[in-house]
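Okay, structure first, notes after.
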Amino acid sequence: ILMYMDRVYVIQHGVLPVYDLGLVLFKTNVARHPIIKERLLISLLDLIHRERTGELIQRSLIKNITQMLVDLGVNTRSVYEEDFEIPFLEATRE
C-alpha cells in the first residue's frame with residue numbers, strides 16, 4: 001500500500017515519500033526533542049572525550065549515531081551539522 005502511495009499519490013500531490021516523511025517525523029518528535037537532543041549531544045561528546053583520554057569505547061556507537069544524524073537531514077547534512085558538528089567543534093576548541 002505504501003509503495004503504491006509513493007508511486008501515485010506522492011507524485012500527483014508533490015508531497016514527501018513515506019520514508020522521507022518518517023525521517024522528518026522522527027527528527028521532529030524524537031531527535032530534536034529538547035531533552036533527547038541534549039542527552040544525545042552530551043553522550044557523544046563524552047564518548048569522544050573518553051576515547052581521547054585513552055579509554056576504550058564502542059566506536060561503532062559514535063559512527064551509527066552520526067550516520068543517523070546525517071540520514072535525518074533527508075538529502076542534506078543540516079541535522080548533523082547543527083546538532084553535532086558545530087557543538088563538537090566548539091567543545092574541541094575549549
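The values are calculated or read from the model by the stated rules, or taken from the named source; none is laboratory data. Please read all numbers here as calculations on a predicted model, not as lab measurements. Heads up, the Cβs are rebuilt from the backbone with ideal geometry, glycines too, and the neighbour counts pull from every protein chain shown. In case anyone asks, the SASA skips ligands and DNA or RNA and just uses the protein heavy atoms, side chains included. Shrake-Rupley method; radii C 1.70, N 1.55, O 1.52, S 1.80 Å.
Data table
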{"read-out": "Segment Arg32-Ile11, length gained on full extension (0.36 nm per residue, minus Cα span)", "value": "4.7 nm"}
{"read-out": "Alpha-carbon Rg/Rh ratio, for region 51-94, with Rh computed the Kirkwood way", "value": "1.05"}
{"read-out": "Within the chain: Cβ-based charge dipole about Cα centre, in debye rounded to nearest 20 (Lys, Arg +1; Asp, Glu -1)", "value": "180"}
{"read-out": "The chain: relative contact order as a whole-number percent, Cα under 8 Å and 6+ apart", "value": "22"}
{"read-out": "Nearest-0.05 FRET efficiency for Met3 and Ala91, computed from C-beta distance (R0 35 Å)", "value": "0.25"}
{"read-out": "Size-normalised alpha-carbon gyration radius of region 1-52, reference 2.2 N^0.38 Å", "value": "1.75"}
{"read-out": "Carbon and sulfur %, accessible surface of the chain computed with the full protein complex present, 1.4 Å", "value": "60"}
{"read-out": "Accessible surface, per residue, of the chain when the full set of protein chains is kept, probe 1.4 Å, Å²", "value": "75"}
{"read-out": "Net charge of Cβ neighbours under 13 Å - reference Gly73; Lys, Arg +1; Asp, Glu -1", "value": "-3"}
{"read-out": "Estimated distance in nm for a label pair at Arg39 and Leu25, the labels positioned 7 Å out from Cα along Cα-to-Cβ", "value": "2.2"}
